[in-house]
Amino acid sequence: MLTGPANVPAPTLSRLSGSAGAAVMRPDVAARHRARGAEVTRTTPEATRAFVPAEIEKWGEAALRAGIRPQAAG
């Protein structure tokens with residue numbers, strides 16, 4: 001997953017997403033990641049925008065059920 005600052009212009013985001021996706025799907029790069037146990041996939045900025053908040057909610061709830069509470073930074 002590639003992340004960046006909010007409000008990246010759409011043409012820039014499209015170019016970055018395309019380049020990063022092509023790079024990670026190269027057979028040599030993908031093989032190195034898979035050898036380390038990573039799942040290699042290609043996604044879209046829109047899918048990432050939906051995925052991140054859903055994961056925060058899912059794992060936040062799991063942490064609370066396990067009795068893990070947030071701590072103040074610092």
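Every read-out reported here was derived from the displayed coordinates using simple, explicitly stated rules and does not represent laboratory data. Owing to the predicted nature of the structure, the values given are computational and were not obtained by experimental measurement. All Cβ positions, glycine included, derive from the backbone under ideal geometry; neighbour counts span all protein chains shown.
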Exercise. So what's the angle, to the nearest 10 degrees on a 0 to 90 scale, between helix 10-24 and the longest Cα principal axis of the chain?
Worked result: 80
Exercise. Put a dot 7 Å past each Cα toward the Cβ at Val24 and Glu39; how far apart are the dots in nm?
Worked result: 1.2
For this session: Loop only per DSSP, at most 16 neighbouring Cβ atoms within 10 Å: give me the trypsin sites (Lys or Arg not before Pro) in the chain, ordered by residue number.
Result: Arg36, Arg42
For this session: Work out how much length Lys58 to Ala31 would gain on full extension: take 0.36 nm times their residue separation and subtract the Cα-Cα distance, in nm to one decimal.
Result: 6.8 nm
Problem set entry | Gyration tensor verdict on the chain (Cα atoms; rounded if a/c is under 1.5, prolate if a/b is larger than b/c, oblate otherwise) | oblate
Exercise. Helix 45-65 sits at what angle to the longest principal axis of the chain, using alpha carbons and giving 0 to 90 degrees rounded to 10?
Worked result: 20
